[in-house]
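The values are calculated or read from the model by the stated rules, or taken from the named source; none is laboratory data. Predicted, not measured: the structure shown is a model, and the values here were computed from it. Just the protein is used for accessible areas: all its heavy atoms, side chains included, with ligands, DNA and RNA removed. Shrake-Rupley method; radii C 1.70, N 1.55, O 1.52, S 1.80 Å.
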Amino acid sequence: MSPELGSPPPAKRPPPAPTAITDIGEDLLHEIFLLLPSLPSLVRAALACSTFLHAARSSPAFRRRFQALHPPQVLGFFIEPCHVALPTFAPFRSRSDQDLAAAVRGSDFFLTRLPENSSDSHSRWDLEHL
């Protein structure tokens, strides 16, 4: 008789407990966030749940690292065809980063949403060429 037949079967291990999104540590979330392609992608991910938002907002060191790895991108440029009064904004088309393209589409480059000038000098906006 072989010893394998007489011994009891090995005890089964319990299945691993399900992992909730809140169980992921901030350090791991920071490493995942660093893999995102741009700042608009980070904003979109951070707004997915309060855990992500807290992770993105809580660490100045993480934000500095993200900014160092993801420098600001040029979204487009203004052109003045035939010296018209109002220049045209020509956005760069980014097919690789949908979040950046969405940020360009949703932007108000002509500042039309600013409040109208009022008599109060503190609420006045002045635009200057750089």
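What's the Kirkwood radius of region 7-109 in Å, using all Cα pairs?
Taking every pair of different Cα atoms in region 7-109, averaging 1/r and inverting gives 17.1 Å.
Hey, any idea what % of region 51-113's accessible area is carbon plus sulfur with a 1.4 Å probe?
Carbon and sulfur: 58 percent of the exposed surface of region 51-113.
Roughly speaking, what % of Cα-Cα pairs in region 36-89 are separated by over 12 Å, rounded to a whole number?
Cα-Cα pairs of region 36-89 separated by over 12 Å account for 72 percent.
Which whole-Hz ³J(HN,Hα) couplings does region 46-63 yield from phi under the Karplus relation 6.51 cos²θ - 1.76 cosθ + 1.60, θ = phi - 60°, glycine and proline marked x?
5, 7, 5, 7, 5, 5, 5, 5, 4, 5, 6, 8, 7, 10, x, 5, 5, 4
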